[in-house]
1. Given the -39500 (n - 2.57) contribution per DSSP H run of 4+ residues, what per-residue ellipticity at 222 nm results for chain A, rounded to the nearest 500 deg cm²/dmol?
2. Is the shape of region B:42-272 best called rounded, prolate or oblate, per the rule: a/c under 1.5 gives rounded, else a/b larger than b/c gives prolate, else oblate, with a ≥ b ≥ c the square roots of the Cα gyration tensor eigenvalues?
3. Using amide H atoms built 1.01 Å from N in the peptide plane, name the residues 5+ places from A:Thr350, or on other chains, whose amide H lies under 5 Å from its own.
4. Considering the options A:Asn190, A:Thr80, A:Thr164, tell which one lies farthest towards the positive end of the dipole of chain A, charges being +1 on Lys and Arg and -1 on Asp and Glu at the Cβ, about the Cα centre.
5. Taking +1 at the Cβ of each Lys and Arg and -1 at the Cβ of each Asp and Glu, which of A:Trp376, B:Met37, B:Leu122 sits farthest along the dipole of the protein assembly as shown towards its positive end, judged by Cα position relative to the Cα centre?
6. Compare the Cα positions of A:Gly176, A:His270, A:Tyr250 along the charge dipole of chain A (+1 at Cβ of Lys, Arg; -1 at Cβ of Asp, Glu; about the Cα centre) and return the one farthest towards the positive end.
7. First check a/c for region A:343-447, with a ≥ b ≥ c the square roots of the eigenvalues of its C-alpha gyration tensor; if it is under 1.5, answer rounded, and if not, answer prolate when a/b is larger than b/c or oblate otherwise.
8. Could you state the angle between the C-alpha long axis of helix A:387-414 and the longest principal axis of the C-alpha atoms of chain A, as a value from 0 to 90 degrees rounded to the nearest 10?
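Rule-based calculations on the coordinates, nothing more; no lab input. Quick caveat: nothing in here was measured; it's all calculated off a predicted structure. Neighbour counts run over all protein chains shown; Cβ positions are idealised from the backbone, glycine included.
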Amino acid sequence: MATVSLESKTFDKFPDVVGRHDDTNYLNHDHSITSWLFTLDHKRIGLLYLVTITLMFLLGGALAGAIRLELLTPKGDFLTADTYNKAFTAHGIIMLFFFLIPSIPAVLGNFLVPLMIGAKDVAFPRLNLLSYYLYFAGSVIALTALLLGGVDTGWTFYTPFSSTYSNSYVIVMAVGLFVVGFSSILTGLNFIITVHRMRCPGLTWFRLPLFIWSIYATSVVQLVYIMILPSLGVTSEVIATFSRKNVFGYHIIAFSSIAIAVFGFIVWAHHMFTTGISPYAAMVFSLLTFSVAIPSGIKVFSWLATMYGGSISFDTPMIYAFGFLGLFTIGGLTGLFLSTLGTDIHLHDTYFIVAHFHYIMVGGAIMGYMAGIHYWWPKITGKMYSEFWGKLSAGITFIGFNFTFFPQFILGYLGMPRRYYEYPDEFQVLNVFSTAGASILAIGYSMPLFYMTYSFFFGEKANSNPYGGSTLEWTNTTSPPSPHNFEQTPVVTEEPYHYHGKEAAVVSH
Amino acid sequence: MSATNETVQDHGQHHHKDLAHHFDPLEQQHAANPLGMWAFLLTEVLFFGGLFAAYTIYRYKYSAMFEEASNHLDITLGATNTVILILSSLTMALAVRCSQTGNSLWTGRWLLITIAFGLMFLGVKYVEWKHDYHIHLMPGKDWSGKDYWHWQYAKKAKDMETEAHKKGSAEHALPDRKDVLADNDPSLGVRGIQESQQARLFFLLYFCMTSLHALHMLVGFVLIGIIAYFAYQGAYSPEYYSPVENIGLYWHFVDIVWIFLFPLLYLLGAHMGH
Amino acid sequence: MATTEHSTHQPAPLSLYLATFGMLMFLTIVTILAGFHNFGMWSTPIALGIAAVKAALVVVIFMHGYSSSSLTWVIILASMFFLTIMLGLMLSDYMSRGWAM
């Protein structure tokens with residue numbers, strides 16, 4: 001059953017358990033524009049987010065391209081110093097606030113939370129739509145700030161630079177971020193209440209899929225770690241499904257999500273070790289930052305143990321999940337260098353930092369997002385994409401990513417500071433590597449746009465459970481789901497990931 | 001997990017009840033679950049918490065100047081507003097109670113009375129802010145952290161006001177600018193500027209916190225108005241009144257914020273007397 | 001198991017609300033009187049203590065904390081927990097800056 005062939009057709013292997021009652025689903029039951037723009041259906045809202053954040057991702061990616069192009073040569077040939085500042089600020093703001101933070105929670109979370117817990121919708125459907133429009137309004141305000149002339153402070157808006165010295169459109173941008181912040185707070189609030197109040201009969205807390213645990217933890221603590229936490233949830237789902245095995249250490253993975261959320265809330269001062277904070281407080285924050293590594297490590301080892309002895313199939317989502325594992329581990333371990341007070345003094349504000357957080361946020365979070373989009377694509381659209389192109393893009397992304405960001409670890413260690421548009425000649429070789437890698441990465445990220453769009457219109461039809469998943473969205477809904485998700489309310493009698501045999505993914509009747 | 005349609009049919013009878021239980025009330029009941037409002041208030045606690053944290057740190061660092069600066073605020077107006085806001089909390093509680101007992105008419109009335117108290121609060125606040133602005137307490141261009149002058153001016157204004165009150169007159173003149181300038185001892189120099197800046201932080205926090213609080217009240221007026229309209233339409237009953245309950249929670253939260261703001265902003269320097 | 005929270009509590013007696021209001025008024029007077037008295041370093045803790053009692057009265061009675069679900073109380077306690085963390089860790093920095101290493 002495990003196969004490395006690029007042409008494997010997993011979706012033939014698993015029987016269609018739900019069957020198609022009729023051809024009405026949430027995508028085609030109403031085609032009017034207003035039915036999309038004013039929809040209260042969590043699945044359609046998820047798709048609205050998908051389209052919007054993809055556009056933002058392209059914009060942020062283009063800015064990243066401009067930054068790498070400038071850094072191809074030691075002198076400032078392509079951008080002026082001022083434009084460069086504005087470019088990396090815009091890149092950071094767009095990627096963090098308008099892509100990464102909403103990516104998995106708003107797209108996959110919206111689509112999946114009610115499906116995975118056997119509910120008809122989220123707890124507050126109108127609030128959900130409001131969240132989308134707040135996100136949209138925030139995006140418009142932020143883009144307005146960029147069009148007016150941009151912001152040059154870096155996405156962190158450190159004072160007093162951003163308050164006293166910057167002449168750019170800081171206030172407009174801050175308003176935009178404030179609005180978009182409300183959007184994610186309201187989405188998180190909605191998910192919390194949904195998970196508490198809307199679970200179907202029999203679905204106890206410890207029968208929840210691990211994705212739900214991750215989303216729940218993310219919603220509770222809306223902070224930096226919200227960028228990586230949802231990816232951890234996606235990875236748990238993908239690894240369980242494609243290893244055909246119960247997740248090793250279900251409870252401890254669930255609790256480690258909560259632990260990461262809690263620790264993530266109390267590490268903020270690790271950005272400020274060099275800013276003159278009290279050395280005693282710095283020690284406390286260093287210790288707390290180290291502590292984040294414990295639940296993260298637990299998760300990685302649990303995933304490895306899940307795969308051990310499993311019947312692994314190498315489908316596109318799994319390849320992305322593998323990429324995630326490798327990059328997240330490197331990103332996490334280099335984080336330990338930075339939480340060490342002494343080392344941090346040396347590495348602070350160098351390219352080491354840039355490499356570290358890109359390994360976590362791009363290598364980790366976006367790989368997880370891509371794994372999730374590929375895994376649930378048949379459920380979302382009812383169509384299969386090309387496995388060949390899927391695997392190819394996963395491979396190219398992984399290679400391109402490492403080419404781009406690994407040289408930056410070395411650059412940072414050698415002392416190249418971040419946020420400069422020029423650099424000494426001796427750094428050029430590694431910067432050329434990095435820029436070359438970025439162009440490979442760009443190809444890797446662009447490919448899904450084409451083959452996914454193709455599959456949406458011309459792809460082979462997916463059955464209700466092409467990958468043999470064991471959670472409710474696979475076992476109890478059609479692909480794509482009907483407008484009201486379930487024909488009948490599911491009743492859950494077992495834990496998730498209960499694979500009875502190697503092949504039997506679901507109890508088929 | 002095995003959750004199949006057959007399982008559902010097996011439990012058909014029992015389950016039918018659950019189905020209605022879980023799905024039908026969704027549109028109406030869940031849309032107004034008080035738990036959602038509580039969770040929102042949690043984020044509000046942290047929202048105000050940021051300002052309270054800033055306040056705490058500077059209160060600790062610049063204790064003496066914070067107490068002195070606080071003395072420039074009008075305790076009478078602050079206390080009056082505290083009473084007004086607690087009254088409005090009472091009327092709000094009564095509105096919720098009326099909706100529980102099914103008295104739509106009085107639900108609407110108590111809600112409107114709550115708005116009226118809220119408007120009174122903001123009216124007092126307006127008078128107060130205007131006065132603060134006149135004596136240059138507003139940390140803007142006119143505050144003039146640039147020099148010691150405005151701070152001396154504000155002190156003098158406060159003294160004259162106290163004098164006037166002692167004589168029993170509500171009106172009092174503002175100090176002559178030249179007098180203050182003459183009083184200003186240049187030797188105070190650096191220390192004066194530092195103190196002036198510390199006091200400026202106090203007033204910055206004062207204006208930020210009170211205006212954020214006032215902003216919440218304005219939002220509250222709109223929401224209470226809408227709920228009051230629906231109450232008059234008879235939309236609520238003892239079985240379904242959670243919108244009233246939710247707006248009540250929100251309003252009480254606004255009250256709680258003020259309960260903390262009042263002593264922290266107004267009463268710091270009261271013991272120093274005048 | 002998820003349950004729908006039906007918000008049909010018995011309304012509290014009117015006298016309870018009026019008594020609470022009276023208590024809040026009384027505490028407001030106490031806090032003002034305390035403000036005019038110099039307790040030195042204890043002034044602020046006393047003021048905050050009284051405010052906390054007032055806030056607790058509002059939460060428990062006006063906001064129906066006395067009959068709320070345990071999940072509601074988890075949220076209330078969580079908000080205080082987060083606030084404590086924010087203030088506590090931030091103060092730990094500012095208060096220990098002057099200490100010699």
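1. Details: 17 runs with 294 residues, N = 509.
Estimated from H runs of four or more residues: -19500 deg cm²/dmol.
2. Values: a/c = 3.26, a/b = 2.25, b/c = 1.45.
Note, shape of region B:42-272 comes out prolate.
3. A:Arg418
4. Among A:Asn190, A:Thr80, A:Thr164, the one farthest towards the positive end of the dipole of chain A is A:Asn190.
5. B:Leu122
6. Comparing the listed Cα positions along the dipole, A:Tyr250 ranks first.
7. Working: a/c = 3.83, a/b = 2.21, b/c = 1.73.
Because a/c hits 1.5 or more and a/b exceeds b/c, region A:343-447 counts as prolate.
8. 30
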